[in-house]
Amino acid sequence: MSLSGSIADLPLLDILQVVAFSKRTGHLTVGTGEGEAAVAFRDGRVISGYTWDLPPLGDEEDRLTPEARTSLLRARLAHILSRLVRLREGRFAFSLATEAPARLGDRDLSRETLEEGINPEELMLDLARQLDEDRRDCAAALTASFATTPDTEALLEDLPLLEEKEARKSTVLLVDDEPDVRRVVSERLSSAGFRVTVAADAADAAREAARLTREGESLLVVTDLGLPSAQGSSFRGGLDVVKGVAGLSPKPPVLLMSETIDGQIRSRARRLGASMLAFKPGLSKLDPLQYEADLRAFGDTLARSLLPRLEGGRARPAPLAASPSAKETADRAGVVRSALDQISQHADPDHIAFLLLSVARAFFPRAILFIARDDMLRGLAGFGPTQSGASLDLLARELAVPLDEPSAFSHALSSGRPWSGPLPRNGPTRRLLDHVGPLGVAAASLVPVRAHQETIAVLYGDIPGGAAPPPLEPLFAFVETASRALEGAFIARRGAAAP
């Protein structure tokens, strides 16, 4: 028996399950753009293997005790399988044999063979859990990338620089009455180089801010809007924090975070002296694992993007080649090439998220990015006109598309394939259009964003006025590349170093 094909059509996790269940002997070879990999099986158990970037064992490993060598080989095999199940493209071939090979290609596996082997089924749950965590992290990163409240139109003209600041000098006063928020966000900020002090209410925050200012600290304040007020009459205590630090000299910049921000609160916060507003994760509180992932991603976005802008530590980068007002005459291919170049330089999740909308802007005058969560598609960000004249970026955050009824959205999510066509007369797509404003739209397009074999987000685009969309193949190809880069960023973060 032999089996070969594309990893995109048959994920390697499925192949491992089949070989383990049928107790086959043979070998699996894998070819990717990065290089070659292989796994050898005996009676369904993995006994040896390698990846393109995993060097052979050396003389030092030969001198290990039998117990230490067995532990090392088990860790290497687990690492190999973890790398392979995350592949989303490439070719594979499984070949049956009467004996497990001691050599595959140019690789001598005789020194790297674990005679008793590993049953892949022992690792299936852990590998599947890791994939779930990676998907959650990718989705959380997209969500956190749109944490600020200025319109996406302005954000697209002020993309974050790719380079990280080498040193952090500011101290962050983090004010929140939720212990989980204080713990997770402060950990992410600390790991990024910020000094962090926490407070649970406005009174503690005022005392800590005054102390840090007296000690000469360069202070940034990050406070939750929904704290209990000093009088206990409302849950707008974050505004008390803003007022409490306004009299300090020098006055520290304040970032106000909230799960919901309306126009009235935004105006009042600005009048009181808040420098920036950001959306704080909240929708996933009923799922502790997802909530933790969302908070980690939010903390990373604070560290990489929002706080450096708050302290004035980053310069303004050059914008992409196209702008909405010149879309009809812009060279869309040039926009895509520019974005691909930026991704190839540095696959930062925040930057990838903004590039998704930036490239979409070259194809559509109106677009909304949705995140898949809780059997719904929930709006993250958007740009373009609305019927009411309200900001589509803020309006997008109020949108939710159900996935429990057949629609173009549910099809795009489940199939992972783009959709483009006339708008239906009813259903979720029509209800969405009625909410943001039909504006003469005749057709729309949906582009899935996938991570680790599942759709985590969907990009919606249309053209008010009834015009047909331009050819979208370059957009589809870019979203596919951006998805792979987003995956790669979190694979690297998980740690690609071999045992």
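The values are calculated or read from the model by the stated rules, or taken from the named source; none is laboratory data. These numbers come from a predicted model, not from an experiment. Here the Cβ is made from the backbone with ideal geometry for all residues, glycine too, and neighbour counts use every protein chain on show.
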Checking the structure you have, find out if any residue of segment 195-212 is among the hydroxyl-bearing types (Ser, Thr, Tyr), free of Cβ contacts under 8 Å to residues at least 24 places away in the same chain and under 26 Å from Lys285 (Cβ atoms). no
With respect to the numbered conditions (1) of a type outside the set (Gly, Ala, Ser); (2) modelled with pLDDT under 85; (3) assigned to a helix (DSSP H, G or I); (4) under 22 Å from Leu392 (Cα atoms), which one is the sole condition not fulfilled by Val479? (2)
Hits in segment 445-471 - residues which are at pLDDT 90 or above and aliphatic (A, V, I, L, M): Leu446, Val447, Val449, Ile456, Ala457, Val458, Leu459, Ile463
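Based on what the data block shows, is Leu81 within 16 Å of Gly44 (Cα to Cα), hydrophobic (A, V, I, L, M, F, W, C) and touching a residue at least 60 places away in the same chain (Cβ under 8 Å)?
yes
Can you say whether Ser407 is touching a residue at least 60 places away in the same chain (Cβ under 8 Å), surrounded by 19 or more Cβ atoms within 10 Å (Cβ to Cβ) and hydroxyl-bearing (Ser, Thr, Tyr), as far as the supplied structure shows? Lay out the reasoning, then the answer.
Working: touching a residue at least 60 places away in the same chain (Cβ under 8 Å): no; surrounded by 19 or more Cβ atoms within 10 Å (Cβ to Cβ): yes; hydroxyl-bearing (Ser, Thr, Tyr): yes.
For Ser407, the condition - touching a residue at least 60 places away in the same chain (Cβ under 8 Å), surrounded by 19 or more Cβ atoms within 10 Å (Cβ to Cβ) and hydroxyl-bearing (Ser, Thr, Tyr) - is not met.
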Just to be sure, is Asp300 under 18 Å from Leu380 (Cβ atoms), in contact (Cβ under 8 Å) with a residue 12 or more places away in the chain, surrounded by 21 or more Cβ atoms within 10 Å (Cβ to Cβ) and not assigned by TED's automatic domain parsing to the domain that holds Ile371? yes
How many of the residues in segment 35-64 are touching a Phe, Trp or Tyr at 6+ places or on another chain (Cβ under 8 Å) and not in a strand (DSSP E or B)? 3
Show the residue pairs that are 6+ apart or on different chains and have beta-carbon atoms under 7 Å apart, the first residue being within segment 332-356 and within 15 Å of Ala477 (Cα to Cα), the second being of a type in the set (Ser, Thr, Tyr) and surrounded by fewer than 23 Cβ atoms within 10 Å (Cβ to Cβ). Leu340/Thr481; Ile343/Thr481
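For residues that are of a type in the set (Gly, Ala, Ser) and not in a loop (DSSP other than H, G, I, E, B), scanning just segment 80-135, find the one that is surrounded by the most Cβ atoms within 10 Å (Cβ to Cβ).
That would be Ser82.
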Considering only residues of segment 20-50 that are free of Cβ contacts under 8 Å to residues at least 60 places away in the same chain and among the hydroxyl-bearing types (Ser, Thr, Tyr), which is nearest to His79 (Cα to Cα)? Thr32
Output the number of the condition that Thr29 fails; it satisfies all remaining conditions of (1) crowded, with 20+ Cβ neighbours inside 10 Å; (2) at pLDDT 85 or above; (3) on the phi < 0 side of the Ramachandran plot. (1)
Looking only at residues that are within 29 Å of the chain's Cα centre (by Cα), of a type in the set (D, E, K, R) and outside any strand (DSSP E or B) in segment 423-472, which one is surrounded by the fewest Cβ atoms within 10 Å (Cβ to Cβ)? Arg431
